[in-house]
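A.B. asks: So that we are looking at the same thing, I have put the structure below in structure tokens.
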Amino acid sequence: MNMENNRVTTSCRILILLFLFCYAPHTHAQDTTKTKYRAWWNEGYPQQPKKNPKAKLLPLIHVNKNRFVNANNEPILFRGLSISDPDKIEHQGHWNKKHFEKVKEMGTMLVRIPVHPVAWRERTPAKYLQLLDSAVEWCTDLGMYIIIDWHSIGNLKMELFQDPMYNTTQKETYEFWQTIAKHFSGNNTIAFYELFNEPTTYRGQLGSISWAEWKKINEDIIHLVRAFHTETIPLVAGFDWAYDLTPLREEPINAENIGYVTHPYPFKRQEPWPPKWEEDFGFAASTYPIIATEIGFGLRSGDTIGPNHYGYQVTKYLEDRGIGWMAWVFDPEWGPPMLKSWDTYELTPAGEFFKKAMQATK
């Protein structure tokens, strides 16, 4: 009995030794794999990008009193248009130099590029910057300036927005402008940073925000931008979906070399428009540089564009006040559209109107 037990014990010991000999190295290798880690303490913000050799090809735009001027202090009355979001255009197969050549054919001096927060996040900032780098390269070659527009609609203070595509936060907005200003520092092609597309509370449905609070948010963004980029001109929008600039009578933004934005669409006020435009934003053009970064209209079947049409009235009013303008939008799907289709780049009646207006002799 004892001999049998000894044999069993010896056999067990042999099996244990075989197990340890065969499997211990493998187990050790697995443990080593598990101990891999990310050395987060060696990570930091991305390095400053290499300087673009074309960064100074276009003359620098700056502010002189109530006008945007070139290097010789000559006033510039910008005429231009907004494209759709680069992420959308790229996904639909049209993000190329040809697209910008079509924009140039319109007579465009200034291209507005709307960056939607949802697209910025989903593509990731690093990959989105690659799209913007291409746009800057093509626009420089074609002699067109750029507005980069953080295209959100709503109340940034309470972080309530009109639609999910506009959802953002104050932190993300600050980080967006920190990234953009650092990346494009010193590039003359990017003449303007439009800090927030259309601030609105939508009759209280998006909360509340005072002009003093909005003023402080914009001043904070401007201060942040200028830590990296001192030359590009920040643009500040008024309330009522970037239409109303009446607070400038009492509380202008406390910053130099900036401009203001208005979006005087036809539905904002009833006719006659010019007296209301003068009261709501035009008065400010005597003191501050202003640009209407969105104007536009659609046409019903059978409608015509006569001499009293909104298009003629708004472009004449703006230019008489020294206010530049940009048509919305060079896209066949977003409205009011300037294109009938991507295939032919055929213009809608509104697109034809703005093409003639951009090419008209000043």
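A.B. asks: Step by step: find N for the range 321-361, compute 2.2 N^0.38 Å, then divide the Cα radius of gyration by it. What's the final number?
C.D. replies: The reported ratio for this selection is 1.23.
A.B. asks: If you don't mind, another one. Amide H to amide H under 5 Å from residue 112: which residues, 5+ apart in sequence or cross-chain, H placed 1.01 Å off N in plane?
C.D. replies: Long-range HN contacts for residue 112: 81, 82, 83, 147.
A.B. asks: Pick from 232, 189, 246 the residue whose mean-square fluctuation is largest in a GNM of the chain, springs joining Cα atoms under 10 Å.
C.D. replies: Looking only at 232, 189, 246, the largest GNM fluctuation is found for 246.
A.B. asks: Given the pairs 127/268; 102/182; 157/182, which are separated by over 26 angstrom at their Cα positions?
C.D. replies: Result: 127/268; 102/182 exceed 26 Å.
A.B. asks: With a 1.4 Å probe and all protein chains kept in place, how do 309, 99 rank by accessible area, largest first?
C.D. replies: Largest to smallest exposure gives the sequence 309, 99.
A.B. asks: Given H placed 1.01 Å from N in the peptide plane, which residues other than close sequence neighbours of residue 292 have an amide H under 5 Å from its amide H?
C.D. replies: Residues meeting the amide H criterion: 262, 324, 325, 326.
A.B. asks: Still on this structure, please answer the following. Could you compute the FRET efficiency for residue 270 and residue 56, with r as their C-beta to C-beta distance and R0 at 51 Å, rounded to 0.05? Could you put the intermediate results ahead of the total?
C.D. replies: Numbers: r = 47 Å, r/R0 = 0.92.
Once the sixth-power term is evaluated, E becomes 0.60.
A.B. asks: Right, another one. Treating only the Cβ atoms of Lys and Arg (+1) and Asp and Glu (-1) as charged, compute the dipole magnitude of the range 89-245 about its Cα centre; round to the nearest 20 debye.
C.D. replies: Around 140 debye, computed over the range 89-245.
A.B. asks: For residue 249 and residue 127 in the same chain, what is the full-extension length gain: residue separation times 0.36 nm, less their Cα-Cα distance, in nm?
C.D. replies: Between residue 249 and residue 127, full extension yields an extra 39.8 nm.
A.B. asks: Which order do 98, 54 take by accessible area at a 1.4 Å probe, largest first?
C.D. replies: Accessible-area ranking of 98, 54, largest first: 98, 54.
A.B. asks: To the nearest 20 debye, what charge dipole does the chain have about its Cα centre, counting +1 at the Cβ of each Lys and Arg and -1 at the Cβ of each Asp and Glu? Working shown, then result.
C.D. replies: Details: 39 positive and 42 negative charges, 197 e Å.
Once rounded to the nearest 20, the dipole reads 940 debye.
A.B. asks: If you line up the long axis of helix 125-142 against the longest principal axis of the chain, both from Cα atoms, how many degrees apart are they, to the nearest 10?
C.D. replies: Once rounded, the angle reads 40 degrees.
A.B. asks: I've got another one for you. Once you keep just the Cα pairs under 8 angstrom separated by 6 or more residues, what percentage relative contact order results for the range 312-362?
C.D. replies: 20 percent
A.B. asks: Then there's this: Length gain on complete extension for the stretch residue 102 to residue 230, per 0.36 nm per residue less the alpha carbon to alpha carbon distance?
C.D. replies: Net length gain for the segment: 42.9 nm.
A.B. asks: Once the piece of chain linking residue 65 and residue 165 is laid out straight, how much longer is it, given 0.36 nm per residue of separation minus the C-alpha distance between them? Spell out each step's value before the answer.
C.D. replies: Values: separation 100, 0.36 × 100 = 36.00 nm, distance 3.64 nm.
Extra length available between residue 65 and residue 165 comes to 32.4 nm.
A.B. asks: Please give the per residue accessible area of the chain, computed with a probe of 1.4 Å over protein heavy atoms only, in Å².
C.D. replies: 51 Å²
A.B. asks: Also, I was wondering about something else. How far is helix 310-320 tilted off the main Cα axis of the chain, in degrees rounded to 10, range 0 to 90?
C.D. replies: Tilt relative to the chain: about 80 degrees.
A.B. asks: Now, a different point. Picking from 282, 302, 292, whose Cα lies most toward the positive end of the charge dipole for the range 264-362 (charges on Cβ: Lys, Arg +1; Asp, Glu -1)?
C.D. replies: Of the candidates, 282 comes out farthest on the positive side.
A.B. asks: What percentages make up the Cα-Cα pair-distance distribution of the range 42-169 when the bins are 5 Å wide from 0?
C.D. replies: For the range 42-169, the pair-distance distribution reads 2, 9, 16, 18, 18, 16, 13, 6, 1, 0.
A.B. asks: Taking just the alpha-carbon atoms of the range 221-267, what radius of gyration and Dmax come out, in angstrom?
C.D. replies: 12.3, 39
A.B. asks: When the convex hull of the C-alpha atoms of the range 171-296 is computed, what volume per residue in Å³ does it have?
C.D. replies: Value for the range 171-296: 118 Å³ per residue.
A.B. asks: Where does the range 178-240 land on Rg(C-alpha)/(2.2 N^0.38 Å)?
C.D. replies: 1.27
A.B. asks: Please report, as a whole percent, how much of the solvent-accessible surface of the chain comes from carbon and sulfur atoms (probe radius 1.4 Å).
C.D. replies: 54 percent
A.B. asks: Just to verify a number: FRET efficiency for residue 142 and residue 319, C-beta to C-beta distance, R0 = 35 Å, to 0.05?
C.D. replies: 0.90
A.B. asks: Just by accessible area at a 1.4 angstrom probe, what is the order of 283, 353 from largest to smallest?
C.D. replies: These residues rank, largest area first, as 283, 353.
A.B. asks: Using Cα centres only, tell me the gap between the range 49-98 and the range 302-362 in whole Å.
C.D. replies: Taking the Cα centre of the range 302-362 as reference, the centre of the range 49-98 is 19 Å away.
A.B. asks: Using Cα pairs closer than 8 Å and at least 6 residues apart in sequence, work out the relative contact order for the chain, in percent.
C.D. replies: In percent, rounded to a whole number, it is 17.
A.B. asks: Just read off the accessible area of residue 222 with the full protein assembly in place, 1.4 Å probe, to the nearest 10 Å².
C.D. replies: The accessible area of residue 222 comes to roughly 10 Å².
A.B. asks: Springs between alpha-carbon pairs under 10 angstrom, Gaussian network model over the chain: which of 158, 106, 144 fluctuates most?
C.D. replies: 158
A.B. asks: For n ≥ 4 DSSP H runs only, could you compute -39500 (n - 2.57) per run for the chain, divide by its residues and tell me the 222 nm figure to the nearest 500?
C.D. replies: Numbers: 11 runs with 137 residues, N = 362.
Per the formula, -12000 deg cm²/dmol.
A.B. asks: With unit charges on the beta carbons (Lys and Arg positive, Asp and Glu negative) and the dipole taken about the Cα centre of the range 40-110, which residue among 71, 93, 53 sits farthest to the positive side?
C.D. replies: 71
A.B. asks: How far apart, in nm, are the 7 Å Cα→Cβ label points at residue 91 and residue 279?
C.D. replies: 4.2 nm
A.B. asks: If you fit an axis through the alpha-carbon atoms of helix 349-359 and take the longest principal axis of the Cα set of the chain, what angle between them do you get, 0 to 90°, nearest 10?
C.D. replies: 70 degrees
The values are calculated or read from the model by the stated rules, or taken from the named source; none is laboratory data. In this text the structure is predicted, and so the values were computed from the model without any measurement. All Cβ positions, even for glycine, are placed from backbone atoms using ideal geometry, and neighbour counts span all protein chains on display. Side chains included, ligands, DNA and RNA excluded: accessible areas come from the protein's heavy atoms. Shrake-Rupley method; radii C 1.70, N 1.55, O 1.52, S 1.80 Å.
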